[in-house]
Every structure is written in C-alpha cells, then in structure tokens.
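Everything on this sheet refers to the single structure shown next.
The values are calculated or read from the model by the stated rules, or taken from the named source; none is laboratory data. Only a predicted model underlies this, so the values are computations on that prediction, with no experimental measurement involved. Here the Cβ positions follow ideal geometry from the backbone for every residue, glycine too, while neighbour counts run over all protein chains shown. Areas reflect the complete protein model, heavy atoms only, side chains present, ligands, DNA and RNA absent. Shrake-Rupley method; radii C 1.70, N 1.55, O 1.52, S 1.80 Å.
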Number of protein chains: 2
Amino acid sequence: MPTTDQLYSISEVAAQTGLTAHTLRYYERAGLMLEPVDRASSSHRRYSARDVGWIQFLTKLRSTSLPIARIRDYAELARQGDGTSADRLELLQRHRIAVAAQLEDIQASLAAIDYKISIYSERISPA
Amino acid sequence: MPTTDQLYSISEVAAQTGLTAHTLRYYERAGLMLEPVDRASSSHRRYSARDVGWIQFLTKLRSTSLPIARIRDYAELARQGDGTSADRLELLQRHRIAVAAQLEDIQASLAAIDYKISIYSERISPA
DNA sequence: CTAGAACTTTGAGTGCGCTCCAGGTCAAAC
DNA sequence: GTTTGACCTGGAGCGCACTCAAAGTTCTAG
C-alpha cells in the first residue's frame, strides 16, 4: 500500500527538482532512471513519487560532480536487482571519499581567497 | 631587491602547479597572466616566482569554479594598476560568497549520500 | 657534429553536460 | 471547430575548458 501514488507531469517535476524539462528528458535518454517513466494520455510522462525521489538524489550526486556515466552505472546496477547492493554501496563509498577530498580542496582554496581579500581590504581601508 | 629572481621553464612550472604545459600556454593565450611571461634564448618561456605565485592563486580560483572569463577580468583590472584594487576586491568578495554557498550545497549533498550509504550498509550487514 | 628531448606556434579536435530546434500530437478552453 | 499550450521525438548545436597535432626551432648530452 503505497503512501503516495500521485503522478507528476514533467513540468511539475522540473519545478520540484530545479532541473529543466529538457534536462529531465536528457537524463532519461542517458539511462539514469531506475525504471521506465510512466506515460499517460498517449505519450506524456507521468512521474511517480519514487521517480521524483530518485531524481532528487541523483541531482545530489551531480552536484558533487559524479559524472553522468557513473550515475548510469549505478542505475544499471539498481535495475539488475538486489544482488548488486554491495556494488552500489561501493560506488557510493568511493564517491564519498572523492567528495570529502573535494570539500577539503575547496576549503583550502577558500582560505587562500580569504587571505587575499584580507590583504586587499587592508590596502584599501587600512585600520 | 627581490628575494628570488630565479626563473622556471614551462615544465618546471607544470610540475610545481599540477597543470600541464598545454594548460599553461592556454591560460596565457586566454589573457590570464598579470604580465607578459619572460622569454629566454629566443622563445622559451621563463616564469618568475611572481608568475608562479599568481598561477598557484589562479588555480585556487579555478578549483572553486570561477570561470576563466572572470579570472581574465580580474587580470585585466590588475594590469590597469592600483586604481582598480576596489574592483578586484569586490570581484573576490562576490566569489567568496559563491564559494561559501557552493560548500554548503556540497555538504548537504554529502549528508544525503551518507544517509544512503548508511541504509545500504544496514541492508548488507545488519547489526 | 649529431641525436633526442624540450620547446615554440597556430589552429583544430575532444568530452561533457546540457540546450535548443523543428515538426508533430493531444487535450482542454472558447 | 479551432486555437492555445503543454507535451512528444530525433537530432543538431553550444559553451566551456582544455588537449592535441603538425611542423618547425633550440637546448643538452655524448
């Protein structure tokens, strides 16, 4: 008994995810969806709450620079069923490590930028 | 009296910065250098310590996703002299804010990824 | 003196992630 | 019944940041 069986149009999903309808279609073509998106009234997409949840998660993978090809790998594993959980976990764990490194790198760069800003600030309006 | 007046070849600078020689030439063509790079023995580039320092800083700008066009803007201002300090400061401050937002976004995504990892971990080897 | 490595230039090519276009379908509103 | 607007498809196009190719020059080692 699913809690929500509401279906959403592509523009609704775009609004919910911050993606464009173009991008949603592109992701689908790129093989990123876990299962085929439902269609209604001959051809219009109808996204389930599950679909939307997955899209929201995959945008988090994207925003941490996981390439689309890797997300496709993940989706393919998921489509193959429960037997691939360990592989999916490993993929996520690998990515986790990369993201942590990414964060440190950005933080270090931010520190350098802040330092430069402090120098400019002093030069412009010395204490 | 400069502390260091040593000069570096392009491959030395590549080694020091983690960029390739290709990329160093590309950056120069793109107008990112603060001043023309010295040349030695008819045509080979000779980078000063100042040049290297700037390249190191600009890679920090790049690693925080500041587009090359914006770095060129910054370099152009710098080439115009001291009168542009305030503009350069503003550019850096604007970027600083973007980087902070970027960091928060990545951290939020990382939290979501960690959550997913925790779910997989439990499923695979329940406590 | 010569071989090979390192460098030079201009301009083309690549990979990624969208982004858009053209031409068509469909459903609801008037 | 036609107009409007959201949606569909396949494929082309774009912007960014490199990355490389080709052909030539110069430095370094033996």
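Computed over the range A:56-115, the convex hull of the alpha-carbon atoms projects to a mean area of 4.5 nm². Heavy-atom accessible area buried between chains A and B is around 3000 Å² (1.4 Å probe, both sides summed).
Each Lys and Arg Cβ is given +1 and each Asp and Glu Cβ -1; about its Cα centre, the protein assembly as shown then shows a dipole of about 520 debye. Treating each Cα of the range A:1-72 as one equal point scatterer and applying the Debye formula with no solvent, the log10 of I(q)/I(0) at q = 0.16, 0.25, 0.26 Å⁻¹ comes out as -0.54, -1.25, -1.34. Taking the Cα centre of chain B as reference, the dipole from Cβ charges on Lys and Arg (+1) and Asp and Glu (-1) amounts to some 300 debye.
Rounded to the nearest 10 degrees, the angle from helix A:49-63 to the longest Cα principal axis of chain A is 30 degrees. Averaged over its residues, the range A:10-124 has an accessible area of 54 Å² per residue, based on protein heavy atoms and a 1.4 Å probe. For the range A:38-43, the Karplus equation 6.51 cos²θ - 1.76 cosθ + 1.60, evaluated at θ = phi - 60°, returns couplings of 4, 10, 10, 5, 6, 4 Hz by residue, with Gly and Pro reported as x.
Amide H contacts of A:Arg46 (H built 1.01 Å from N, in plane; Pro and chain starts excluded): A:Asp38, A:Arg39, A:Ala40 sit under 5 Å, all sequence-distant by 5 or more or on other chains.
Counting protein heavy atoms only, the range A:10-124 has 50 percent of its accessible area on carbon and sulfur, 1.4 angstrom probe.
Shown for B:Gly18: label points 7 Å from Cα along the beta-carbon vector, and their distances to the equivalent points in the other copies, 2.6 nm in ascending order.
The lysines whose alpha-carbon is closer than 24 Å to the alpha-carbon of A:Lys60, local same-chain residues fewer than 8 away aside, are B:Lys60, B:Lys116. Distances between copies at A:Ser118, taken between label points 7 Å from Cα along the C-beta direction, are 3.5 nm in increasing order. Residues A:Arg88, A:Arg39, A:Arg72, sorted by accessible area with the largest first, give A:Arg39, A:Arg72, A:Arg88 [1.4 Å probe; ligands and nucleic acids excluded]. Among the protein heavy atoms, those of B:Leu7 account for about 80 Å² of accessible surface (1.4 Å probe, every chain in place). For the options B:Ser11, B:Ser85, B:Ser43, a Gaussian network treatment of chain B with springs between C-alpha atoms closer than 10 Å singles out B:Ser43 as fluctuating the most. With its label point defined 7 Å out from Cα along the Cα-to-Cβ axis, A:Arg94 lies at 3.9 nm from the matching points of the other copies, in increasing order.
When chain A is treated as a GNM with alpha-carbon contacts under 10 Å, the residue of A:Ile97, A:Ile68, A:Ile55 showing the greatest mean-square fluctuation is A:Ile97. At an R0 of 22 angstrom, the distance between the Cβ atoms of B:Gln80 and B:Ala30 translates into a FRET efficiency of 0.80.
Considering only A:Leu24, A:Gln107, A:Leu34, the residue lying farthest towards the positive end of the dipole of the range A:10-124 is A:Leu24, judged by Cα position with unit charges set on Cβ.
Dipole check for the range B:1-57: with +1 at the C-beta of Lys and Arg, -1 at the C-beta of Asp and Glu, and the Cα centre as origin, the magnitude is about 160 Debye. Report the percentage of all Cα-Cα pairs in the protein assembly as shown whose separation exceeds 31 Å, rounded to a whole percent. Of the Cα pairs, 45 percent sit more than 31 Å apart.
Per-residue Karplus couplings for the range B:81-89, computed as 6.51 cos²θ - 1.76 cosθ + 1.60 with θ equal to phi - 60°, are listed in order as x, 4, x, 9, 4, 5, 5, 5, 4 Hz, Gly and Pro entered as x. Computed from the Cα positions only, the extents of chain B along the three principal axes stand at 68, 34, 28 Å, in decreasing order.
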